[in-house]
1. Calculate the FRET efficiency for residue 290 and residue 420 from the Cβ-Cβ distance with a Förster distance of 35 Å, rounded to the nearest 0.05.
2. When the helices in the chain are scored as -39500 (n - 2.57) per DSSP H run of 4 or longer and the sum is shared across all residues, what 222 nm value do you end up with, to the nearest 500 deg cm²/dmol?
3. Using a 10 angstrom cutoff on alpha carbons, build the Gaussian network for the chain and name the most mobile of 84, 392, 21.
4. What FRET efficiency comes out for the pair residue 319/residue 138, r = Cβ-Cβ distance, R0 = 25 Å, nearest 0.05?
5. Quick check on the stretch 89-238: of the DSSP beta bridges with both residues there, what percent are antiparallel, nearest 5%?
6. Which distance in Å, rounded to a whole number, links the C-alpha centroids of the stretch 60-130 and the stretch 32-51?
7. Under a GNM of the chain (C-alpha, springs under 10 Å), which listed residue has the highest mean-square fluctuation: 426, 98, 89?
8. Quick one: which residues, 5 or more positions from residue 220 or on another chain, have an amide H under 5 Å from its amide H? H modelled 1.01 Å from N in the peptide plane, none for Pro or chain starts.
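Read the figures in this text as sums done on the coordinates, not as results from a lab. Predicted model, so just to flag it, every value in this text is computed and none were measured. Here the Cβ is made from the backbone with ideal geometry for all residues, glycine too, and neighbour counts use every protein chain on show.
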Amino acid sequence: MADKREAVLFFFPEWGGMHMTAWRDPEAPADPTMDFATIRQMVQTAERGKFHGFFLADTLAIRHSLGRAELSRTAKGVRFEPMTLMSALSTQTERIGLILTESTTYNEPFHVARQFASLDHLSDGRAGWNVVTSGTPAESLNFGREEHMDHDLRYRRGEEFFEIVTGLWDSWDDDAFLRDKESGVYFHPEAVHQLDHRGEFLSVAGPLNVARPIQGRPLIAQAGSSPVGRAFAARIADAIYTLAADFDKGREFYEEIKGLASDAGRDPAAVKVMPAMIAVVGRTQAEAEERMERLDSLVVPEVGMAQLESILEFDFSGHDLDGPVPEVPETKLGSRGRQQFFLEKARRENLSIRGLMQFAARTGAVAFGPEELADHIEQWVRGEAADGFNVTFGDAAGSLENFVDLVVPELQRRGVFHRDYSGATLRESVGVPRPPSRYAPAVAGESVD
Ligand SMILES: Cc1cc2nc3c(=O)[nH]c(=O)nc-3n(C[C@H](O)[C@H](O)[C@H](O)COP(=O)(O)O)c2cc1C
């Protein structure tokens, strides 16, 4: 029933704050991106707030789209390698899910299957994989390729890659290991399966040298926004990330994804649609707005323009900054979803180029008081525009704590958010089924996607 729906929330950190100037805030930590103690504390705070998971985005390059001079004015140049960081954090947390990004374009499926299976065991079933095809050309240059692979070809490889990874995860039956000291049998020989995959892009023999993940498969996230990307996400993902410009766009996307999942033979309720939300959270709405203005006042215009131009893949030189945003051709290599999100915002709110630049420097952050943010989450979740949110904070100090201490209790009071983790694994607490092995007969109640 619609009024029983609870939000799934992932903490989606940009350690230095999403606003480009957040790291300069006097209250922000000295080194928000490479200091493990700071990061550990933030994740432990998110766990105190019962976030179902926390999700690390990643690209395999420094953000080249900003020139070095502009980049040097942000905290966005350096970050930990995600699997290494997650492994460390898995020992410092108990319940929160650990979802991270790995690319299907610049990777080998054997590596990826092995790493996530290991993380799932290390964390007692809390691992999740955000499957990306890598959208920025700078990434190809770090892997010996002059040309970034074409969009649809990347998805074809991604499909094959995903099949191999899930096949490798099924290498060992759940009950493969006997470890019988008496008889001397460590595992049942018939309980290990050889993949022997030979396909268009990849050949992998298998089996994997890690036991089947505790969750069967780590939770799968995907954020395709093109038609081919959405169809892929609806077939494979348990959590689908998106950027929704407003409530109506959110509802459209939600309905489309649930329809695509159903067409793919899946239970739409087990596919969680999770838009990103970027919030500066105050103890009151007025306090949040004041904080945002303080961060805005620190924006260097050249840096803001460089940010806007990189998002839109468009050169604004020669345009009047106080004039309207002109027609912008669809990005070839960047994120079409992100580009559309910004252009729709400009159209809807009649923003000038300068206004959109200011928003770009905020990188989408919006100011909220606790009540206002709880209203927003409740409206979207009860109104079937989202099953939950990926929550990013605009600043590096204050918003996370305000969310945990003020927004979470308000959501709980309204019955829109769980009071505690309900299951042992990430899949259980999010409410998505544990997939059976492809080698095992399906058991009633399990999904057979
Ligand atoms: C919330 C969210 C998080 C994303 N995280 C990543 C990421 O960490 N790494 C990455 O390469 N792409 C990331 N993407 C980009 C998507 O994977 C995808 O490429 C993009 O939405 C464009 O869709 P398309 O690939 O179907 O064209 C993210 C997108 C969204 C909306």
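1. Details: r = 34 Å, r/R0 = 0.96.
With R0 = 35 Å, the Cβ-Cβ based efficiency is 0.55.
2. Details: 16 runs with 168 residues, N = 449.
One gets -11000 deg cm²/dmol as the mean residue ellipticity at 222 nm.
3. Result: 84 has the largest fluctuation of those listed.
4. Working: r = 26 Å, r/R0 = 1.03.
Taking R0 as 25 Å, the efficiency between residue 319 and residue 138 is 0.45.
5. Numbers: 5 of 15 bridges.
Here the share of antiparallel DSSP bridges comes out near 35 percent.
6. If you average the Cα positions of each part, the centres end up 15 Å apart.
7. Largest GNM mean-square fluctuation: 89.
8. Here 129, 238, 239 satisfy the definition.
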